[in-house]
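Contents: one structure, followed by commentary.
The values are calculated or read from the model by the stated rules, or taken from the named source; none is laboratory data. Just so we're clear, the structure is a prediction, and the values are computed from it rather than from any experiment. Positions of Cβ are backbone-derived with ideal geometry, glycine not excepted, and every protein chain shown enters the neighbour counts. The protein model used for the area step is the full one, side chains on, heavy atoms only, and it has no ligands, DNA or RNA in it. Shrake-Rupley method; radii C 1.70, N 1.55, O 1.52, S 1.80 Å.
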Amino acid sequence: MQTLLGKHIILGVTGGIAAYKCAELVRRLRDEGAEVRVVMTQSATEFVTPLTFQALSGHPVHTDLLDTEAEAAMGHIELARWADGILIAPATANMIGKLAQGIANDLLSTLCLATEAPIAVAPAMNHIMWSDNATQDNIATLKNRHIYIFGPAFGTQACGETGEGRMLETHELIEKLDSLFSHESLSNTRVLITAGPTYEAIDPVRFIGNRSSGRMGFAIAQAAIEAGAKVTLIAGPVNLQTPHKVERIDVESAHQMYQAVMSQVAEHDIFIATAAVADYSPIETHDQKLKKSEEMLSIHLHRNPDILAEVAAMNKLFSVGFAAETEHLQDNARKKLKSKQLDMIAANQVANMENPDEDTGFNSEYNALDVYWPEGYIQLEKARKTELARKLIELIAEHYKTKH
Ligand code: C5P
C-alpha cells in the first residue's frame, strides 16, 4: 500500500455500534501516512465520544454544521475542498438514505454534496434493514452516482443475529480506500524523474546551490507510482522521504546527476526533469578549505551539461521539463519547449523570497503550473503540490499515449 501517504481523508462516523471500530481505523489510516479529520453525526457521539477521535486524529472533531467556532477554524466548504476522499464508516441506513436523496441537514451529508473528492460508504446495520428494498434502492442510486460501497460483510451482528450487514474489518477498509487512489494510466511505463537542487562544490565545505526543496519532483514520483508506473527518482540533496516503491538514486552535483540520468535512459520511457540543476559549476574545486586572505575572490565557473536537452535530443523518451521563472513566464516556457525539443513543459512563477505571502514555488507546499506542449496549453490552478502532481501525471499519460 502506498497511495494513502499524504492524503487528506475525512472519516464520517454515523450512529451505529460499529463506530467503536473506527478508533482503530483512524490509527491505521495515520500509520499509512494519511491526514485524518473526523466528522461525526449527533447520534455517532452517543456511541463514541468526539474526544476519542480528537486524540487519535490529532484534530478537533467536527460535529455541527452551524458551529461558528468550528466554522471559523475550517468552514464546511473548506473542509469539503480539503478532502482527497471521504469515507463514511459506519454508514447507517439513515445516512445512506440521505445521500441517495441529496439531503443536506447535517455537516456530514452537506460535505458529501459540497465535495468533488471520491466518497465511499461502509454500510453497517442489521441484516434485515440491509436487505430492505428501500436500502437496496438507495445503494443502487449511490452506485449509479459513482459513490463507492465497501461491504457489508456476512457474519454475526451486534444484535445477536447472523446475516449480511457487518461493517468490513479495518484492514479491508484501508485496502479498499487505498485502491480508490490508484489507477492504471501509466501501467507498463517506466518513468525517470530528477528532483531537488544540485550542489556544486567550491571547497570541502562550501558549495553553490539553490533553494529547490525537491517537493514537486517527489510528489510527481508518488503520483506516477499511483498511476501504475515503475519509477526511478534521481535526487539532489533534499530532506524528503522516498515514496514507497520508488527507486531512488542520490547525487550531489549536476555532473553526478547527468551521469546517473544517462545510465538510466535506456531503461525508461518518460523523463520528467523537475530538478533545479545548477547551470554552472566551479572550474576548480579546492581540496582544502579556502582561507579568507584576499580582499577579493573570483571563482571561475563553466557551463554544466543540460541533462534535459540531451535526453530530449535522443528522441527516445517522452521528455517533460520544468521552467521556474521570475519573469515572462509564458514566453520563456514556450522558448524552452522549442529550444530543448521537449514534448511538454510545466512553468511556474518562482516565489518572491522577500514576500512570504507568495506561497507558491520552490520551498512552498503549494504551486501553480502553466503546462505547454507543441500544440496546446493548460493552466493548472494553485493547489497542493501532491494534487498538482496527480493532474500533471494524468496530462503526461494522456499525451504519452497519443504519441505512441
Ligand atoms: O534552461 P533551464 O535551466 O531554465 O531549464 C529548466 C529545465 O531543464 C528543468 O526541467 C531542469 O530540470 C532541466 N535542466 C537540466 N539540466 C540542466 C539545466 C536544466 O536537466 N543543466
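Within the range 310-322, no residue that is over 13 Å from Ile272 (Cα atoms) and among the basic types (Lys, Arg) sits with its Cβ atom under 8 Å from a residue that is more than 9 Å from the ligand (Cβ to nearest atom) and part of a loop (DSSP other than H, G, I, E, B) at 6+ positions apart or across chains.
Which condition from (1) more than 13 Å from the ligand (Cβ to nearest atom); (2) open to solvent by 80 Å² or more (accessible area, probe 1.4 Å); (3) in contact with a helix residue (DSSP H, G or I) (Cβ under 6 Å, 6 or more places away or on another chain) is the one that Gln341 breaks? Condition (1) is where Gln341 drops out.
Listed conditions (1) under 23 Å from Ser212 (Cβ atoms); (2) open to solvent by less than 90 Å² (accessible area, probe 1.4 Å); (3) in contact with a strand residue (DSSP E or B) (Cβ under 8 Å, 6 or more places away or on another chain) are all met by Ser263, apart from (3).
Of the residues making up the range 16-33, none is surrounded by fewer than 16 Cβ atoms within 10 Å (Cβ to Cβ) and outside any helix (DSSP H, G or I).
Would you be able to say whether some residue in the range 47-63 is within 19 Å of Met167 (Cα to Cα) and surrounded by fewer than 22 Cβ atoms within 10 Å (Cβ to Cβ)? Yes: the range 47-63 contains one or more residues that are within 19 Å of Met167 (Cα to Cα) and surrounded by fewer than 22 Cβ atoms within 10 Å (Cβ to Cβ).
Glu310 meets the conditions (1) within 12 Å of the ligand (Cβ to nearest atom); (2) open to solvent by less than 50 Å² (accessible area, probe 1.4 Å); (3) at pLDDT 90 or above in every case but one. The failed one is (2). In the range 217-265, which residue that is among the aliphatic types (A, V, I, L, M) and assigned to a strand (DSSP E or B) is nearest to the ligand (Cβ to nearest atom)? Applying the filter and picking the extreme gives Ile234. Please indicate, with yes or no, whether at least one residue in the range 268-277 is more than 14 Å from Ile234 (Cβ to Cβ) and among the polar types (S, T, N, Q). Checked against the condition, which is being more than 14 Å from Ile234 (Cβ to Cβ) and among the polar types (S, T, N, Q), the range 268-277 yields no hits at all. Lys291 meets all of the listed conditions (1) at pLDDT below 95; (2) open to solvent by less than 100 Å² (accessible area, probe 1.4 Å) but one, namely (2).
Which ones in the range 266-281 are crowded, with 18+ Cβ neighbours inside 10 Å and more than 12 Å from the ligand (Cβ to nearest atom)? Passing the criteria: His268, Ile270.
Yes or no, residue by residue, for (1) at pLDDT below 95; (2) within 29 Å of His127 (Cβ to Cβ); (3) touching a strand residue (DSSP E or B) at 6+ places or on another chain (Cβ under 6 Å):
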| position | (1), (2), (3) |
| --- | --- |
| Gly15 | no, yes, no |
| Val38 | no, yes, yes |
| Thr52 | no, yes, no |
| Thr68 | yes, no, no |
| Ile88 | no, yes, yes |
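Among the conditions (1) of a type in the set (Gly, Ala, Ser); (2) touching a helix residue (DSSP H, G or I) at 6+ places or on another chain (Cβ under 8 Å); (3) part of a helix (DSSP H, G or I), Ser281 misses just one, which is (3).
Residue count for the range 319-338 satisfying the condition of being in a helix (DSSP H, G or I) and more than 9 Å from the ligand (Cβ to nearest atom): 8. Across the range 50-59, a minimum of one residue is classified as over 24 Å from Tyr366 (Cβ atoms), touching a Cys at 6+ places or on another chain (Cβ under 8 Å) and not hydroxyl-bearing (Ser, Thr, Tyr).
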